[in-house]
Amino acid sequence: MTKKIAVINDLSGFGRCSLTAAISVLSVMGVQACPLPTAILTAQTEYPSYYLDDYTDKMEHYRLEWEKMGQHFDGIYTGYVASETQIRQIFRFIDTFNKPDTFLLVDPVMGDNGHTYDMYTPSLLEQMQLLAKQADIITPNLTELCLLTGEDYQHLTTIQDTRKLMNMVRILGEDFCIDGPRDIIVTGIHFQDDDGNEQMGNLHINKESSSLFSFPYIGRHYSGTGDLFASCIAAGIARGDSIPALIKMAGEFLELALIDSVKEGVPCNDGTNYEQYLSLLLPDTDKRGTNI
Ligand code: PXL
């Protein structure tokens, strides 16, 4: 049976992020994406100008109609949240559809590179902390982990010693796991390896262990990379892959997309040239092709 994930996110015409990223990644990974759009935008909000059509008051129709249809989801995956009303609606959706055999992946999209997105009020942050606590798995970047845990991003990023930095991040993650998610993947940890090469690290933390997966640092922050990463994890969990295998696969996919985008001089707000690398995410049997 094809697995099904309810994806609660916005639809942005430009920026290769949110639902655009999720639908393409879930589909190529063999998982059905059921989109619940929270807003429709001409382009993601980091562009100098965009038009946003808010869908918050349509979200209750989705919940009621899908409940009437008797829908069941293998996973619920949430991303960018624009307001407190929206997050309240997400809590209602979870109350209705988060069953014992459903996983909840929360990508707490709130900022990047030490910068918090403009709409993030203190009370929206508080609600996002509660949502992240309810999740089975969360995928914050380092900025978002700091926001969730109250840690000072500037202080954390001044730590030069890589082992000390990773240890600090691990402790923050483990503390958050105590009454929260089973797994945390902290993305976008910039560091230097023992040979002095700049790396981007993804740290997987759960109650038992923590493991670091690193990739060469590209030096730019492209729109949608966090959404592509979280989408790979969500679809992979639904199809039964292990989290370490998924982090490696998503990292390789993003590395190729980033290298290509830098080479072509794609503006960061436009997102990466990931489309041509989607085949890397196919289920194994599809990658091998069909024997005749
Ligand atoms: O990729 C995160 C994201 C998603 N959706 C919208 C955004 C952003 C980041 O800025 O603006 C609308």
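Descriptive notes on the structure:
- Burial ranking of peptide ranges 249-259, 103-113 (average Cβ count within 10 Å, highest at the top): 103-113, 249-259
- Taking amide H positions as modeled 1.01 Å from N, with prolines and chain starts lacking one, the residues under 5 Å from Asp112 and 5 or more places away or on another chain are Tyr117.
- Environment charge at Asp193 (Cβ cut-off 13 Å; Lys +1, Arg +1, Asp -1, Glu -1): -3
- Using distinct alpha-carbon pairs, which all enter the 1/r mean, Kirkwood radius of segment 132-206 in Å: 12.5 Å
- For peptides 131-137, 228-234, 40-46, 274-280, sequence by mean Cβ density within 10 Å, most packed first: 228-234, 131-137, 40-46, 274-280
- Dipole magnitude for the chain: computed about the Cα centre from +1 point charges on Lys and Arg Cβ and -1 point charges on Asp and Glu Cβ, it is near 700 debye.
- Note on segment 3-291: along the principal axes its Cα atoms extend 58, 53, 44 Å, ordered by decreasing extent.
- Charge dipole (Cα centre; +1 on Lys/Arg Cβ, -1 on Asp/Glu Cβ; no other charges) of segment 201-281 amounts to roughly 220 debye.
- Shown is the FRET efficiency for Arg88 and His190, computed with R0 = 41 Å from the Cβ-Cβ distance and rounded to the nearest 0.05: 0.75.
- Calculated [θ] (222 nm, deg cm²/dmol) that DSSP helices of n ≥ 4 give over the chain, each run adding -39,500 (n - 2.57): -12500 deg cm²/dmol
- In segment 135-292, a dipole from Cβ-located charges (positive for Lys and Arg, negative for Asp and Glu) runs towards its positive end, and of Tyr153, Gly201, Ile233 it is Ile233 whose Cα lies farthest in that direction.
- Separation of alpha-carbon centers, segment 8-80 and segment 165-205, rounded to whole Å: 28 Å
- Percent accessible area from carbon and sulfur atoms, the chain, protein chains only, probe 1.4 Å: 50 percent
- Looking at segment 3-291, the accessible area is 45 square angstrom per residue; that uses a 1.4 Å probe and ignores ligands, DNA and RNA.
- Qualifying GluC sites (Glu not before Pro) in segment 148-241, DSSP loop, other Cβ atoms within 10 Å at most 10: Glu208
- Mean separation of Cα contacts under 8 Å (6+ apart) over length of the chain, as relative contact order %: 18 percent
- Full extension of the chain between Glu198 and Asp260 yields a length gain of 20.5 nm, computed as 0.36 nm times the residue separation minus the alpha carbon distance.
- For peptides 262-270, 218-226, 164-172, sequence by mean Cβ density within 10 Å, most packed first: 218-226, 164-172, 262-270
- Comparing Phe97, Gly79, Leu124 along the charge dipole axis of segment 52-126, the residue lying farthest to the positive side is Phe97, per the Cβ-charge model.
- Segment 164-179 - phi-based ³J(HN,Hα) in whole Hz, Karplus 6.51/-1.76/1.60, Gly and Pro as x: 5, 4, 5, 5, 4, 5, 4, 5, 4, x, 4, 4, 5, 6, 3, 10
- Segment 90-150 shape via C-alpha gyration tensor axes, a/c threshold 1.5: prolate
The values are calculated or read from the model by the stated rules, or taken from the named source; none is laboratory data. Here the structure is a predicted model, which means the values were calculated and not measured. Cβ: placed from backbone, ideal geometry, glycine included. Neighbour counts: every protein chain shown. Surface areas here come from the heavy atoms of the whole protein model, side chains and all, with no ligands, DNA or RNA. Shrake-Rupley method; radii C 1.70, N 1.55, O 1.52, S 1.80 Å.
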